[in-house]
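S.K.: Got a structure for you, questions after.
The values are calculated or read from the model by the stated rules, or taken from the named source; none is laboratory data. These numbers were taken from a predicted model, which means no experiment stands behind them. Cβ: placed from backbone, ideal geometry, glycine included. Neighbour counts: every protein chain shown.
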Amino acid sequence: MSTHPTPTVVIARILRGLGLTQGRGQDFRVTGDYRNGERVGTYVLTLTRHADEVVAAHADEIEKRSDRTGNSFRVSLRYSSSGRPVASVANYGARVRETPPAPPAEEAPAPAPAPKPEPVPAPTPAKEADTPAEPLAERALEGARMRARQRRRANALGWSDRQAYLVAAAAAGALVHDHHGVLRDRPRPGCPGPAVDEARLAPLVKAGFVVITEPFGPGHKRVSITADGRDALTLWRVHRPTPAVKDRKAEREPLRPLLDGEHAARHGRAAAQDDQRWAAEAKTFRAAVEARHAWEARQERLWKVWATVHDLTYRLGRTVPAGWVPTAEEIAEHRITPALVDELRAEAEHPAPEPELPPMRFHVPAEVAPLPAVPDEVEQLSLFAGSAA
């Protein structure tokens, strides 16, 4: 039996030797990255700001010590807007080394003023003296706001442990439909895996976290993760919100899409288009109703003139005869106003048809297209570039 330590043991020993603690709620964790059910590498998930700073300070040392054991790890370093290092350690993928931002320049102390025979009031300090501290405070405030926003996004997921596991399984390519059409969780190639209730998967699909892709083999379909699902899974792993307690019935209820995610943005755009369509149709309907009321009011005025001339009291289904116009004697006798005479003559020459109201239709909200699956070749190290402090 081989006595060589595994990559997980090697990197854990190196980091513990630098004073970091390992485990849940500590400085770091070591885990594996799976694609299509196969392990493609080992990476380190830094969980504290102290861990990022220690790894950044000993990046070259970590790589050299891992090379000597035969398990080479690469240390990637990125920097946030506040200058904080964000480390990624893995034995696969490309290494990224960003240049740390330059610290703000310090102003040279001003020379002491020459002595004067009489004391003079001290000059008011210029605002420029405080400028180096202001960007630091603004960057710190921006970083705090960003972390609070990410925690809100993680807490808004509302996943149970089982739902989080299904998203992680989709990210690893382990959720596959077999040739019988049964959805199965296959943690390893060749393993049949247990059946998965698709009713539990449906809320994750509708919320845009996973998508059922086209068949990639004879009679097979795969459940893949989307960009929103990838970001949500990263938030779940980094911020570790309290899982929701759900039974089988509750896990079939709708889920909220990722806060500020692409799926939520698509729903917002679709809702805005629906609102615009409803507003346009409502405007058209109101205009038709007003035209109908105006036509009815005009017909009522003309009927009253005709009824007055013929000494009628009740309508009883009677209408103004087509083409009827009062004579000059009738106009003078009944004192019909010139405006009403003009309306009667216009109606006699060109009868106005009765306006019709547009039909009432039931509109179905616009459907939102599902998000595409994240390609397998996407660099997975980028998922952990935003580890929480």
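S.K.: Using the structure shown, decide if Ala369 is modelled with pLDDT under 80, surrounded by 15 or more Cβ atoms within 10 Å (Cβ to Cβ), out of contact with any Ser or Thr (no Cβ under 7 Å at 6 or more places or on another chain) and part of a loop (DSSP other than H, G, I, E, B).
M.R.: It is false that Ala369 is modelled with pLDDT under 80, surrounded by 15 or more Cβ atoms within 10 Å (Cβ to Cβ), out of contact with any Ser or Thr (no Cβ under 7 Å at 6 or more places or on another chain) and part of a loop (DSSP other than H, G, I, E, B).
S.K.: Exactly one of these conditions fails for Ala339: (1) without any contact (Cβ under 8 Å) to a residue 40 or more places away in the chain; (2) surrounded by 10 or more Cβ atoms within 10 Å (Cβ to Cβ); (3) of a type outside the set (S, T, N, Q). Give me its number.
M.R.: Answer for Ala339: the failing condition is (2).
S.K.: Of everything in segment 55-107, what is in a strand (DSSP E or B) and of a type in the set (Ser, Thr, Tyr)? Give them in sequence order.
M.R.: Ser76, Tyr79, Ser88
S.K.: Give me the pairs, please: first residue somewhere in segment 174-197 and over 11 Å from Val223 (Cβ atoms), second residue anywhere and basic (Lys, Arg), beta-carbon distance under 8 Å, and either six or more positions apart or on two chains.
M.R.: Between residues of segment 174-197 that are over 11 Å from Val223 (Cβ atoms) and residues that are basic (Lys, Arg), the close pairs are Asp178/Arg184; Pro192/Arg184; Pro192/Arg186; Gly193/Arg184; Gly193/Arg186; Pro194/Arg184; Ala195/Arg184; Asp197/Arg248.
S.K.: Tell me yes or no: at least one residue of segment 246-256 is of a type in the set (A, V, I, L, M), surrounded by 12 or more Cβ atoms within 10 Å (Cβ to Cβ) and farther than 26 Å from Gly193 by Cβ.
M.R.: no
S.K.: Something else now. Out of the residues in segment 16-52 that are under 13 Å from Asn71 (Cβ atoms) and hydrophobic (A, V, I, L, M, F, W, C), which is surrounded by the fewest Cβ atoms within 10 Å (Cβ to Cβ)?
M.R.: My answer is Val30.
S.K.: Give me the pairs, please: first residue somewhere in segment 81-99 and closer than 20 Å to Phe28 by Cβ, second residue anywhere and in a loop (DSSP other than H, G, I, E, B), beta-carbon distance under 6 Å, and either six or more positions apart or on two chains.
M.R.: Close Cβ pairs satisfying both conditions: Val86/Ala385; Val89/Phe73; Asn91/Phe73; Gly93/Glu379.
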